[in-house]
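Enquirer: Before I ask anything, let me first share the structure, which is written out below as C-alpha cells.
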Amino acid sequence: MKAAQQILEIFEAHGIDTVFGYPGGCIMPLYDALVDSVGVTHVLCRHEQGCALAADGYARSSGRVGVAIATSGPGATNLITGVANAHRDSVPMVIITGQTPSAMIGTDAFQEVDVLGMTLDIVKHSALVTRPEDVGPAIDEALRLAASGRPGPVWIDIPKDVLQGEVTVRDRAALPASGRSPNRGPSSAELAAVLDMLRRARRPLLYSGGGVSRAGAEAAFRSFAEASGLPHVYSLNGIGNAGRAQAADLGMLGMHGSRAANQAVDACDLLVVVGARLDDRATGRLAGFAPNARLIHIDIDAAELDKRRRAELALRGELAPVLSTLAGALAERPLAIAAWRRRCRDWRAHHGFAAAMPADPTAPIGGPAFVRALSEAAPVDAIVACDVGQHQMWVAQHFAFAEPRNHLSSGGLGTMGYGLPAAIGAQFAHPERPVINIAGDGSFMMNVQELATIRRYRLPVKIVIADNACLGMVRQQQELFYANRESQIDLDDNPDFAALAAAFDIPTHRVTCWGGVESGLRTLFCSPGAALLHVAIDRADNVWPTVAPGRANGEMLHAAPSPIPMTAIASPTAEA
C-alpha cells in the first residue's frame, strides 16, 4: 500500500477514529487515502488554527490523542498557535503536515516552510520523514510519545512523494499501544518522607494542577484528598480535580484566585504540589509565594521539579500510584490538623468567591452573577470550552465543575479564539453530552468561521457570548495600571451577532438586563441543536480579586482602588 494509506491503518490500530484537518497540495495523498477509509472520520474545519484547537478540545475532554492535519507552508504555519496552546497545557496531540517533494526541499519551493525549525519550542518531539518505509514507525512512535509521560504535541512532517511511496505492511501485533509509559516512581523511602513531613506539619495545604487529569489520576487524587483531609487550592487547569462543593475546597489560587486560597498559601507551613508547575500566574511574585512553607512537589516531568522554586522533597512519578499509596497510609493514621481545617473553612466562608445576584430585574448584567446563573442552569455533565478574557476568569471563579475534563480553558498560552473550535472537538469526542462555548465578544470573532463547521456537522453546541463591547481584560488593566488611559479596546462596532448566527442557521436569543437571564438560559438549553445566547455584560465590570503585575498574591486587590501608576508596580524581573 501507499504510505498515506498506512497512516490511516495505524490510526485505526491505535483507536484514532476522528481527525481534524484542511486539505492542500502537499498533503493530497493522505486526503486521497481518506476516500477509501471507513474507520477514520475526517472533520473539515474552516481554518487550520481551528483544526489544531478542535484536536486540543477533543483530547482534553476525552484523554485520547487529538490529531490535526494540514498541508505545507501556510497550512502548517496556521497550525502553530494551536500546537503551542497544546504544548503549554500538556495536551496529547499528533500533527501531520505535508511537505514539498523531497527533491525540492531547500529550494524555496512553492509553499515550502521549515516548519520543524519554527516549532522546536512548542512540541514534545518532531520529525521530517524522508523514506516511505519510515512513515509507519514514525506515526506509531508519535502516537505513543504524545500520550506517554507528560503528554504533549508531536509533529510529523512528510514530503508529498514520501506519502505516495509504496510500503510493505508488516505485522504490528507486537507493537505497544499508545498510552502512558511505565515509570519507576518514588522509592518507599521517599514516600515515607512525604508521610513524615505531612505528620509534622501543622498547616499543610494541597495544591493541584492540570497534571491530575492529564495522568487520568482523578480518582486517586480524590482518595488522597479525602484520606489526608488537606484543605486544597488549584490552578486554572486543576479546576474540577476535587469535584463540586467540597468543604475543603478554597478555590483557585493566584492572580485572579480567591482571597481564601491565597491566604491559605501565605499561612501554610507545608505545600504539597501535585501535577502543577508553579507558573507565574499562580505564584505571583515568587519571593512572596508560600513564604512560610516547606515544599513537596510530585510530578511526572523532572524538568518541572525545582524549576522555579526548590522543593524540600521532589518526587518524579506517575500520580495515580503515588497518590493511592499515600492515601492508603493516611487512611490508617489520619493527620491531626482539625484546627487548621477550621481556619481554612472560615476563610472559605468569608473570603471565597461571591457574586451579588441583583434584585432589580432591570439591573445591568454583571459577569460573576451571570456565570453563577449559567452554572446553576447547565446540566451537571456539561463540558464548557472557554475563550480567553474576563469571562474566562469569571467561569474559573463561579462555575461549578464536577470533573476537570469538563473545563476546557487555554491556561499557559491564553489563546483568544480557543473556545469555539475546542467545543467542536469536545462535541465530536462526546456526541451525547451537552457542550457549551463561553466566549467574549472579542475572542468569539477570532475563530468565528468555525460556525460553518457547526452547521456542516449539525453539532448541538451551545454558544454564550458575554458581550461588554470591549476587550474587557485589557480595559481592566488599562483602568487599574495605566491611569485609565483606554487604548484600542472599544468593540462597540461589533456585528449583529444574531444576524451572523442566522447565516449559519443558528437561532439566537439576546438578553440585555438581569430580568431576562433566566428565560434566556432556559431557551438556550431547551434548543435541540446549536443555539447562541447573546448577553450584554456591564462594560465597567471587572474581575476581582486581582494581583498587580510583579506583586505578591498577598497584595491582591479586592475592589477598585485609585489607578496605580506603572512606576509603582514592581517589574516581574526585579526579584531576580
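The values are calculated or read from the model by the stated rules, or taken from the named source; none is laboratory data. Nothing here was measured: the structure is a model prediction, and the numbers come from that model. Glycine gets a Cβ as well: all are built from the backbone with ideal geometry, and neighbour counts include every protein chain shown. SASA here: full protein model, heavy atoms, side chains in, ligands and nucleic acids out. Shrake-Rupley method; radii C 1.70, N 1.55, O 1.52, S 1.80 Å.
Enquirer: I need a count of the residues in segment 31-46 that are touching a residue at least 24 places away in the same chain (Cβ under 8 Å) and either open to solvent by 60 Å² or more (accessible area, probe 1.4 Å) or more than 22 Å from VAL167 (Cβ to Cβ) (or both).
Expert: The number of residues fulfilling the criteria is 7.
Enquirer: When segment 70-88 is examined, which residues are found to be hydrophobic (A, V, I, L, M, F, W, C), touching a Leu at 6+ places or on another chain (Cβ under 8 Å) and either within 18 Å of LYS124 (Cβ to Cβ) or without any contact (Cβ under 8 Å) to a residue 12 or more places away in the chain (or both)?
Expert: ALA84
Enquirer: A further question on this structure: Going by the conditions given, is THR18 over 21 Å from ILE383 (Cα atoms) and modelled with pLDDT of 95 or more?
Expert: no
Enquirer: Next question. Looking at LEU413 and the list (1) out of contact with any Gly (no Cβ under 8 Å at 6 or more places or on another chain); (2) over 19 Å from GLU48 (Cβ atoms); (3) touching a residue at least 40 places away in the same chain (Cβ under 8 Å), which single condition is not satisfied?
Expert: Going through the list (1) out of contact with any Gly (no Cβ under 8 Å at 6 or more places or on another chain); (2) over 19 Å from GLU48 (Cβ atoms); (3) touching a residue at least 40 places away in the same chain (Cβ under 8 Å), LEU413 breaks only (2).
Enquirer: Does ALA142 meet the test of being closer than 23 Å to THR18 by Cα, in a helix (DSSP H, G or I), among the small types (Gly, Ala, Ser) and open to solvent by less than 50 Å² (accessible area, probe 1.4 Å)?
Expert: Answer is yes for this residue.
Enquirer: How about segment 280-300: which of its residues are in contact with a Gly (Cβ under 7 Å, 6 or more places away or on another chain) and part of a loop (DSSP other than H, G, I, E, B)?
Expert: Those that are in contact with a Gly (Cβ under 7 Å, 6 or more places away or on another chain) and part of a loop (DSSP other than H, G, I, E, B): ARG285, ILE300.
Enquirer: What number of residues within segment 248-270 satisfy the criterion of being closer than 23 Å to GLN392 by Cβ, out of contact with any helix residue (DSSP H, G or I) (no Cβ under 6 Å at 6 or more places or on another chain) and part of a loop (DSSP other than H, G, I, E, B)?
Expert: 2
Enquirer: Turning to a different aspect of this structure: I need every pair where a residue in segment 320-333 that is within 10 Å of LEU191 (Cβ to Cβ) and in a helix (DSSP H, G or I) has its Cβ under 7 Å from the Cβ of a residue that is of a type in the set (Val, Ile, Thr) and open to solvent by 10 Å² or more (accessible area, probe 1.4 Å), sequence separation at least 6 or different chains.
Expert: Here the result reads none, with nothing in segment 320-333 linked to a residue that is of a type in the set (Val, Ile, Thr) and open to solvent by 10 Å² or more (accessible area, probe 1.4 Å).
Enquirer: Among the candidates SER527, SER519, single out the residue that is free of Cβ contacts under 8 Å to residues at least 40 places away in the same chain and either touching a Lys or Arg at 6+ places or on another chain (Cβ under 9 Å) or open to solvent by less than 60 Å² (accessible area, probe 1.4 Å) (or both).
Expert: So the residue among SER527, SER519 that is free of Cβ contacts under 8 Å to residues at least 40 places away in the same chain and either touching a Lys or Arg at 6+ places or on another chain (Cβ under 9 Å) or open to solvent by less than 60 Å² (accessible area, probe 1.4 Å) (or both) is SER519.
Enquirer: Looking at TRP514, TRP544, can you tell me which residue is on the phi < 0 side of the Ramachandran plot, in contact with a Phe, Trp or Tyr (Cβ under 9 Å, 6 or more places away or on another chain) and at pLDDT 95 or above?
Expert: Only one candidate passes the filter, namely TRP514.
Enquirer: If you go through segment 413-443, how many residues are among the small types (Gly, Ala, Ser) and more than 14 Å from ARG60 (Cα to Cα)?
Expert: Total meeting the criteria: 6.
Enquirer: Filtering segment 179-219 down to residues that are of a type in the set (S, T, N, Q) and at pLDDT 95 or above, which residue is nearest to the chain's Cα centre (by Cα)?
Expert: Per the stated criteria, the residue is SER213.
Enquirer: Got a sec? Which of PRO364, PRO421, PRO358 is surrounded by fewer than 21 Cβ atoms within 10 Å (Cβ to Cβ), out of contact with any Ser or Thr (no Cβ under 6 Å at 6 or more places or on another chain) and at pLDDT 95 or above?
Expert: One residue alone meets the criteria, PRO364.
Enquirer: Only one of (1) surrounded by fewer than 19 Cβ atoms within 10 Å (Cβ to Cβ); (2) under 25 Å from ALA396 (Cα atoms); (3) under 21 Å from the mean Cα position of the chain (by Cα) is not met by ASP346, so which one is it?
Expert: ASP346 satisfies every listed condition except (3).
Enquirer: Which count do you get for residues in segment 254-280 that are open to solvent by 10 Å² or more (accessible area, probe 1.4 Å), under 27 Å from VAL388 (Cβ atoms) and of a type in the set (A, V, I, L, M, F, W, C)?
Expert: Adding up the residues that qualify gives 1.
Enquirer: Okay, next question. Here are some residues: ALA103, ALA68, ALA59. Which one is over 13 Å from the mean Cα position of the chain (by Cα), modelled with pLDDT of 95 or more, under 22 Å from ILE383 (Cβ atoms) and of a type outside the set (Lys, Arg)?
Expert: ALA68
Enquirer: Check ASN447, ASN468 and return the single one that is under 29 Å from ALA377 (Cα atoms), modelled with pLDDT of 95 or more, open to solvent by less than 40 Å² (accessible area, probe 1.4 Å) and in contact with a Pro (Cβ under 7 Å, 6 or more places away or on another chain).
Expert: None of the other options fit; the residue is ASN447.
Enquirer: Of all residues in segment 123-139, how many are closer than 30 Å to SER213 by Cα and either open to solvent by 10 Å² or more (accessible area, probe 1.4 Å) or outside any helix (DSSP H, G or I) (or both)?
Expert: Final tally of qualifying residues: 7.
Enquirer: While we're here: Would you mention how many residues in segment 190-228 are open to solvent by 30 Å² or more (accessible area, probe 1.4 Å) and in contact with a Ser or Thr (Cβ under 7 Å, 6 or more places away or on another chain)?
Expert: Counting residues in segment 190-228 that are open to solvent by 30 Å² or more (accessible area, probe 1.4 Å) and in contact with a Ser or Thr (Cβ under 7 Å, 6 or more places away or on another chain) gives 2.
Enquirer: Looking only at segment 61-100, filter to residues that are open to solvent by 40 Å² or more (accessible area, probe 1.4 Å) and out of contact with any Gly (no Cβ under 8 Å at 6 or more places or on another chain); which one of those is farthest from ASN241 (Cα to Cα)?
Expert: PRO74
Enquirer: Tally up the residues in segment 47-60 that are open to solvent by less than 20 Å² (accessible area, probe 1.4 Å) and outside any helix (DSSP H, G or I), please.
Expert: Residues in segment 47-60 being open to solvent by less than 20 Å² (accessible area, probe 1.4 Å) and outside any helix (DSSP H, G or I): 0 in total.
Enquirer: Could you tell me how many of the residues in segment 15-30 are open to solvent by 30 Å² or more (accessible area, probe 1.4 Å) and either within 20 Å of THR168 (Cα to Cα) or not in a helix (DSSP H, G or I) (or both)?
Expert: The qualifying residues number 4.
Enquirer: Can you name every residue in segment 151-169 that is under 25 Å from the mean Cα position of the chain (by Cα) and either of a type in the set (Gly, Ala, Ser) or surrounded by fewer than 19 Cβ atoms within 10 Å (Cβ to Cβ) (or both)?
Expert: GLY152
Enquirer: Condition check: under 29 Å from the mean Cα position of the chain (by Cα) and within 30 Å of GLY275 (Cα to Cα). Does SER90 satisfy that?
Expert: yes
Enquirer: Going by the structure shown, is LEU413 surrounded by fewer than 24 Cβ atoms within 10 Å (Cβ to Cβ) and either part of a helix (DSSP H, G or I) or under 22 Å from the mean Cα position of the chain (by Cα) (or both)?
Expert: yes
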